[in-house]
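The values are calculated or read from the model by the stated rules, or taken from the named source; none is laboratory data. The structure displayed is predicted, hence computed values, not measured ones. Reconstructed Cβ throughout: ideal geometry from the backbone, glycine too, with neighbour counts over all protein chains shown. Areas reflect the complete protein model, heavy atoms only, side chains present, ligands, DNA and RNA absent. Shrake-Rupley method; radii C 1.70, N 1.55, O 1.52, S 1.80 Å.
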Amino acid sequence: MRPGAGGPTRADPPAGAEAVRTGLGVPLFAHPLVAPAEWAELARPGVPVDWVAFDVASGPGSRVDALCAETLTRVRENRVPLLGRLDAAHGARPYADLVADASRYVDWYAVDGFYVDRAPTLRAEAAQCRRTTGTLRALLPSGGRIVLAPGTHPYPGYAEFADQLVVFAGPWTRYRWSEVPEWTAEHSPRLFAHLVHGLPATHLDAALRVARWQGAGTVYVTDRTGRDGVEPWAGLTGYWAEAVRRVREEPPPSM
């Protein structure tokens with residue numbers, strides 16, 4: 001059992017399983033005009049970030065945003081993969097609309113991949129999601145990175161065509177008691193990301209332990225909350241520097 005949990009969780013990984021350090025994935029959905037300091041921080045060399053997902057105007061917008069393009073260029077110089085946010089509406093978004101938005105991200109912002117928010121999860125939807133993912137990947141010069149972000153565990157078959165799955169996106173009050181299905185132990189931690197909001201600074205270490213125990217290779221934690229409809233991913237956490245330090249100082253994973 002995971003320390004602090006009240007029930008069963010992920011099974012121990014197989015002997016010889018890949019050991020992966022925890023990295024930070026950042027869903028920063030605030031425009032640079034309203035969050036200049038946060039975007040400047042991500043452009044600082046050496047920040048241990050696996051990817052940054054961004055949103056211009058509920059997608060790529062209707063035209064190139066010069067400020068956003070300039071800001072993204074500075075972050076890209078830090079060798080941080082930039083992912084354009086696409087809203088799949090739990091599988092209800094028309095295929096043509098998703099592809100059109102993806103094409104704009106590529107043409108206007110030279111993205112490195114896509115963050116497919118509210119991705120579908122059901123077995124019956126997997127074939128269509130695979131098709132869409134294949135099309136999105138073909139739009140990217142080098143295949144890029146596709147992060148499917150349903151915020152919960154999907155049918156296991158989704159692991160076959162996503163580069164990463166965001167299998168938790170929610171509050172610390174739920175995360176601290178969360179469980180993961182045993183099938184996740186069959187995959188590298190690189191496949192899974194957890195996003196946690198409403199996390200007090202005093203529980204930062206505990207949250208990182210939960211992420212490692214549950215096999216998440218990428219994590220994001222923030223003290224921002226989703227109360228009153230506020231977007232918890234609209235800026236960096238107030239303890240960003242401390243979170244970066246804790247991730248950098250994480251001991252090497254045991255094999």
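Peptide packing: for 46-58, 199-211, 134-146, the average count of neighbouring Cβ atoms within 10 Å per residue gives the ranking 46-58, 199-211, 134-146, highest mean first. May I ask you to give the percent of accessible area on region 135-203 that is carbon plus sulfur, with a probe radius of 1.4 Å? Percent of accessible area from carbon and sulfur atoms in region 135-203: 51.
A crude spin-label estimate for the pair SER58 and ASN78, with each label 7 Å from Cα along the Cβ direction, gives 2.9 nm. Between PHE161 and LEU122, the distance separating the two model label sites (each 7 Å from Cα on the Cα→Cβ line) works out to 1.7 nm. In this label model, ARG130 and VAL99 are separated by 1.8 nm, measuring between points 7 Å along each Cα→Cβ vector.
Look at the Cα gyration tensor of region 153-255: its axes a ≥ b ≥ c give a/c of at least 1.5 with a/b at or below b/c, and that counts as oblate. Evaluated with a Cβ-only charge set (Lys, Arg +1; Asp, Glu -1), region 48-135 carries a dipole of roughly 240 debye about its Cα centre, given to the nearest 20.
If you wrap the Cα atoms of the chain in a convex hull and average its projected area over all directions, you get 13.4 nm². With K and R counted +1 and D and E -1, the other residues having a Cβ less than 11 Å from that of ALA193 yield a net charge of -1. Applying 0.36 nm per residue to the separation of THR225 and ARG209 and subtracting their alpha-carbon distance, the gain on full extension is 3.7 nm. Over the chain, accessible surface divided per residue gives 46 Å², non-protein components excluded, 1.4 Å probe.
For the chain, the dipole from Cβ point charges (+1 on Lys and Arg, -1 on Asp and Glu) about the Cα centre works out to 200 debye, to the nearest 20.
Taking only alpha carbon atoms, region 17-110 gives an Rg to Rh ratio of 1.01, where Rh is the Kirkwood radius. Working note: Debye formula, equal point scatterers on the alpha-carbon atoms of region 146-202, no solvent; log10 I(q)/I(0) at q = 0.20, 0.21 Å⁻¹ is -0.73, -0.79. Translational diffusion of region 176-217, estimated by Stokes-Einstein from the Kirkwood radius over alpha carbon pairs at 37 °C in a medium of 0.692 mPa s, is 298 µm² per second. Couplings 3J(HN,Hα) of region 168-180, computed from phi: 9, 8, x, x, 4, 4, 8, 5, 5, 10, 6, 10, 10 Hz, in residue order, whole Hz [Karplus 6.51 cos²θ - 1.76 cosθ + 1.60, θ = phi - 60°; x for Gly and Pro].
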